[in-house]
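Chemist: Below is a structure I'd like to ask you about.
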Amino acid sequence: RPHRIVTAARTMAGLRALLALTLTAAAAAGGMHYKPHDPVFIISNKVGPFNNPSETYQYYSLPFCRTAGKQKRHHHELGEYLVGDRKITSPYQVSFLDNVQWFLLCEKTLQPDEVKSFADAIEDDYYFEMFLEDLPMWGYIGEVEGEDLLLGHLETARRYLYPHLHFSIGYNVDQIVSVNVSTNPQRKVDITDDLMETDVSFSYSVEWVPKPELTWENRMSRYHDSRFLPGTFEIHWLSIINSFVLVLLLTAFLTIILMRVLKNDFTRYMDVEEDEMGEEESGWKLIHGDVFRFPNQTNLFAALVGAGGQLCCTTFLLLLCAITGFFRPTKRGAILTAMIVLYALTSFIGGFTSARLYRQFGGLAWVWNTVMTAIIFPGPLGCIFMWVNTVAWSRSSTAALPWHTVMIIASLYMLVSFPLTIIGAIAGRNLATDFDAPCRTKKVLRQVPTDIPWYRQPMAQMFMAGFLPFSAIYIELHYIFASVWGHKIYTLFGILFIAFIMLFIVTSFITVALIYFQLAREDHRWWWRSFFSGGSTGFFIYAYSFFYFFQRSSMDGWLQSSFYFGYMAIISYAFFLMLGFVGFISSMVFVKHIYSVVKCD
């Protein structure tokens, strides 16, 4: 029992520290100030194939120079563990404003197995990542010369190791604002023969460069246009403006057409005399006795809507916090940490929305509804996580989360998210009123016409409903993929916020238009159709992930493929829930409105 008490106390302390860290992240925005000759620490982090950003290993998994004694490991925050960071002190000795022409780090005789490990890493295009004051810098371990790009590896190819690193550090008065590391090809060492010992002299040099035009607050801006991925800020803005104009034209077109059609419908229905009503009814008014008939599987439907509403709130708050500077989005893992905390805190909204809708449907199994709401998104996410984490553990990758990080996330879910879902469900159930339907529902179910053309079939409708919103975010999606599945740091959260607003608007309009055409052909089954039509953009995003993987990236390997396709499935599922919620809410408001305007028996 004392052991359990201590464990629980440590868990609660970790959660309090996590929440405090998230809420006070903006206070650390000042940066460090140095005096001349003050020590500056360079932190080694990880190595891995450049084309596989998720396949990373500890820096000293390769036989680099170590300091005497045990290497000092740095304290890691939750977000840093989530992105696979394993920071450790490097032996490089750097002091503020002191240039170093050349300094010997160590002389090392590499054994044949160590030579082979370096050679294999060079063949796989390994890069290393280091940090200086949270500023990342990357460099290649070595290069292969004499390899034919068409025929592949040749026997005459030579493998060279880069033992010398040149650090270029930019400063503004007494603060470090930029870092860069480069290698010197003239000092490379031939390690082609991996059957014999090789003597290597590891060295480095340091150059301090004044950067008066770059402030500490804007020091991350240069990573947006880094050499690792082409693209400029102007092209980014031009693309988003182009998408914005297309969205405006599309929504204006849909609005004009829909309003004209509805105006004609209202005029026709209201001009009909009461004694002719039964003979003249047609189109969507004819099914007024069935349109508000509750859908099948109300428990599952309410849980999906509640989860979608929660994810919408989480996304909105996350982007709002990133734009307003509530936390530093460019800090390693800050977005993932904020996302987890915000999702846990918005669980009340998911439980409230689901229970309220389920109560209006007349559901009685509210306990099962609450449980389903709580697990309908975290459940699949947990299954995918266990799979990819097991794969990472089997490969000794730093992408595998340590057990204490897993316990913190699990505790956050069990002690914060799940209880808030229950509290929200209780509040939603007690505050819910009866479903306010403008028309009475008939006891006899009306038959749905079956002789409809192919382009009005549910699959064709879902394709149209998903394609148009996807086209609105297609360009921005490329930048997001390049950031999440590459080495680019995403900084334009204002543009991303605009893209999400456009996505929600287009999803709402196209779903409402398609639901109207469905009702006009006397098909009253709009509940599930509205959710799937709105959420169908998630299928397009997952399809695009295959295109990006095989056509726009060079990712390969079992570990990277597991991470990529596993987590892209979860991201696409999240978009399905969010946009399904948007489509359903928009459709329900629209359907209630049109049936409340006309007179129905």
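The values are calculated or read from the model by the stated rules, or taken from the named source; none is laboratory data. The structure presented is a predicted model; accordingly, all values stated were derived computationally and were not measured. Neighbour counts run over all protein chains shown; Cβ positions are idealised from the backbone, glycine included. These accessible areas exclude ligands, DNA and RNA; they are computed on the full protein's heavy atoms, side chains included. Shrake-Rupley method; radii C 1.70, N 1.55, O 1.52, S 1.80 Å.
Chemist: Restricting attention to the range 478-487, which residues are under 19 Å from SER561 (Cα atoms) and either touching a residue at least 40 places away in the same chain (Cβ under 8 Å) or of a type in the set (Phe, Trp, Tyr) (or both)?
Modeler: HIS478, PHE481, ALA482, TRP485, GLY486, HIS487
Chemist: Does the range 377-406 hold any residues that are over 20 Å from ALA574 (Cβ atoms) and under 22 Å from the mean Cα position of the chain (by Cα), and which are they?
Modeler: Step one: list which residues in the range 377-406 are over 20 Å from ALA574 (Cβ atoms), which gives 390-400, 402-406.
If the condition is that a residue be over 20 Å from ALA574 (Cβ atoms) and under 22 Å from the mean Cα position of the chain (by Cα), then THR390, VAL391, ALA392, SER397, THR398, ALA399, ALA400, PRO402, THR405, VAL406 are the ones that fit.
Chemist: Something else: For THR314, only one of the following conditions fails: (1) surrounded by fewer than 23 Cβ atoms within 10 Å (Cβ to Cβ); (2) at pLDDT 95 or above; (3) under 17 Å from the mean Cα position of the chain (by Cα). What is its number?
Modeler: Only one criterion in (1) surrounded by fewer than 23 Cβ atoms within 10 Å (Cβ to Cβ); (2) at pLDDT 95 or above; (3) under 17 Å from the mean Cα position of the chain (by Cα) is unmet by THR314, namely (1).
Chemist: Note down all Cβ pairs under 7 Å where the first residue falls in the range 119-142 and is of a type in the set (Val, Ile, Thr), the second is at pLDDT 90 or above and assigned to a loop (DSSP other than H, G, I, E, B), and they're at least six residues apart or on different chains.
Modeler: ILE122/ILE141; ILE141/TYR162
Chemist: In the list TRP368, TRP393, TRP387, which residue meets the criterion of being in contact with a helix residue (DSSP H, G or I) (Cβ under 9 Å, 6 or more places away or on another chain) and over 17 Å from SER347 (Cα atoms)? First the steps, then the outcome.
Modeler: Working: TRP368 fails: over 17 Å from SER347 (Cα atoms); TRP393 fails: in contact with a helix residue (DSSP H, G or I) (Cβ under 9 Å, 6 or more places away or on another chain).
Result: TRP387 is the single residue among TRP368, TRP393, TRP387 that is in contact with a helix residue (DSSP H, G or I) (Cβ under 9 Å, 6 or more places away or on another chain) and over 17 Å from SER347 (Cα atoms).
Chemist: Given the criteria surrounded by 15 or more Cβ atoms within 10 Å (Cβ to Cβ), in contact (Cβ under 8 Å) with a residue 12 or more places away in the chain, more than 38 Å from the chain's Cα centre (by Cα) and on the phi < 0 side of the Ramachandran plot, does THR109 qualify?
Modeler: Details: surrounded by 15 or more Cβ atoms within 10 Å (Cβ to Cβ): no; in contact (Cβ under 8 Å) with a residue 12 or more places away in the chain: yes; more than 38 Å from the chain's Cα centre (by Cα): yes; on the phi < 0 side of the Ramachandran plot: yes.
Spelling it out, it is not the case that THR109 is surrounded by 15 or more Cβ atoms within 10 Å (Cβ to Cβ), in contact (Cβ under 8 Å) with a residue 12 or more places away in the chain, more than 38 Å from the chain's Cα centre (by Cα) and on the phi < 0 side of the Ramachandran plot.
Chemist: Quick check on VAL115: is it surrounded by 16 or more Cβ atoms within 10 Å (Cβ to Cβ), touching a residue at least 24 places away in the same chain (Cβ under 8 Å) and in contact with a Pro (Cβ under 8 Å, 6 or more places away or on another chain)? Full working, then the answer.
Modeler: Working: surrounded by 16 or more Cβ atoms within 10 Å (Cβ to Cβ): yes; touching a residue at least 24 places away in the same chain (Cβ under 8 Å): yes; in contact with a Pro (Cβ under 8 Å, 6 or more places away or on another chain): no.
Spelling it out, it is not the case that VAL115 is surrounded by 16 or more Cβ atoms within 10 Å (Cβ to Cβ), touching a residue at least 24 places away in the same chain (Cβ under 8 Å) and in contact with a Pro (Cβ under 8 Å, 6 or more places away or on another chain).
Chemist: Do we have GLY538 as in a helix (DSSP H, G or I), open to solvent by less than 10 Å² (accessible area, probe 1.4 Å), over 30 Å from VAL83 (Cα atoms) and modelled with pLDDT of 90 or more here? Steps first, answer last, please.
Modeler: Working: in a helix (DSSP H, G or I): yes; open to solvent by less than 10 Å² (accessible area, probe 1.4 Å): yes; over 30 Å from VAL83 (Cα atoms): no; modelled with pLDDT of 90 or more: yes.
For GLY538, the condition - in a helix (DSSP H, G or I), open to solvent by less than 10 Å² (accessible area, probe 1.4 Å), over 30 Å from VAL83 (Cα atoms) and modelled with pLDDT of 90 or more - is not met.
Chemist: Please work out if MET386 is open to solvent by 60 Å² or more (accessible area, probe 1.4 Å) and under 15 Å from GLY566 (Cβ atoms). Don't jump to the end; show me each part of the working.
Modeler: On the way: open to solvent by 60 Å² or more (accessible area, probe 1.4 Å): yes; under 15 Å from GLY566 (Cβ atoms): yes.
So MET386 passes the test.
Chemist: Which condition does GLY379 not pass, out of (1) surrounded by 16 or more Cβ atoms within 10 Å (Cβ to Cβ); (2) assigned to a helix (DSSP H, G or I), if it passes all the others?
Modeler: That leaves (1) as the condition not met.
Chemist: I need the full set of residues from the range 167-187 which are open to solvent by 50 Å² or more (accessible area, probe 1.4 Å) and modelled with pLDDT of 90 or more, in order please. Before the answer, list the steps.
Modeler: The initial filter retains those residues of the range 167-187 that are open to solvent by 50 Å² or more (accessible area, probe 1.4 Å), namely 171, 173, 180, 185-187.
Answer for the range 167-187, where residues must be open to solvent by 50 Å² or more (accessible area, probe 1.4 Å) and modelled with pLDDT of 90 or more: TYR171, ASN180.
Chemist: Hey, another quick one. Restricting attention to the range 36-59, does a residue exist that is farther than 24 Å from VAL484 by Cα, at pLDDT below 75 and either part of a loop (DSSP other than H, G, I, E, B) or in contact with a strand residue (DSSP E or B) (Cβ under 9 Å, 6 or more places away or on another chain) (or both)?
Modeler: So the first thing to find is which residues in the range 36-59 are farther than 24 Å from VAL484 by Cα, and the list is 36-42.
If we keep only those that are at pLDDT below 75 as well, we get none.
No: zero hits.
Chemist: Regarding SER396, is this residue in contact (Cβ under 8 Å) with a residue 12 or more places away in the chain and on the phi > 0 side of the Ramachandran plot?
Modeler: Numbers: in contact (Cβ under 8 Å) with a residue 12 or more places away in the chain: yes; on the phi > 0 side of the Ramachandran plot: yes.
Against the criterion (in contact (Cβ under 8 Å) with a residue 12 or more places away in the chain and on the phi > 0 side of the Ramachandran plot), SER396 qualifies.
Results for (1) among the β-branched types (Val, Ile, Thr); (2) in contact (Cβ under 8 Å) with a residue 60 or more places away in the chain; (3) surrounded by fewer than 17 Cβ atoms within 10 Å (Cβ to Cβ), shown as yes or no for each residue.
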site	(1), (2), (3)
THR67	yes, no, yes
LYS72	no, no, yes
ILE88	yes, no, no
SER95	no, no, yes
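Chemist: If TRP102 satisfies all but one of (1) open to solvent by less than 20 Å² (accessible area, probe 1.4 Å); (2) more than 36 Å from the chain's Cα centre (by Cα), what's the number of the condition it fails?
Modeler: (1)
Chemist: Can you find a residue that is hydrophobic (A, V, I, L, M, F, W, C), closer than 20 Å to LEU431 by Cβ and open to solvent by less than 40 Å² (accessible area, probe 1.4 Å) anywhere in the range 361-368?
Modeler: Checked the range 361-368: at least one residue is hydrophobic (A, V, I, L, M, F, W, C), closer than 20 Å to LEU431 by Cβ and open to solvent by less than 40 Å² (accessible area, probe 1.4 Å).
Chemist: Test SER205 against the stated conditions and say whether it is open to solvent by 40 Å² or more (accessible area, probe 1.4 Å), under 30 Å from GLN186 (Cα atoms), at pLDDT 70 or above and hydroxyl-bearing (Ser, Thr, Tyr). I'd like the intermediate steps shown before the answer.
Modeler: Values: open to solvent by 40 Å² or more (accessible area, probe 1.4 Å): no; under 30 Å from GLN186 (Cα atoms): yes; at pLDDT 70 or above: yes; hydroxyl-bearing (Ser, Thr, Tyr): yes.
Considered against the rule, which asks whether it is open to solvent by 40 Å² or more (accessible area, probe 1.4 Å), under 30 Å from GLN186 (Cα atoms), at pLDDT 70 or above and hydroxyl-bearing (Ser, Thr, Tyr), SER205 comes out as no.
Chemist: Just one of the numbered conditions (1) at pLDDT 90 or above; (2) more than 25 Å from LEU97 (Cβ to Cβ) is not true of LYS87; which one?
Modeler: So LYS87 meets the others, but not (2).
Chemist: Quick check: is even one residue across the range 546-553 under 20 Å from ALA399 (Cα atoms), open to solvent by 10 Å² or more (accessible area, probe 1.4 Å) and in a helix (DSSP H, G or I)?
Modeler: Of the range 546-553, the ones under 20 Å from ALA399 (Cα atoms) are 549, 553.
Retained after the next criterion (residues that are open to solvent by 10 Å² or more (accessible area, probe 1.4 Å)): 549, 553.
This time we only want the ones that are in a helix (DSSP H, G or I), so: 549.
Yes: the range 546-553 contains one or more residues that are under 20 Å from ALA399 (Cα atoms), open to solvent by 10 Å² or more (accessible area, probe 1.4 Å) and in a helix (DSSP H, G or I).
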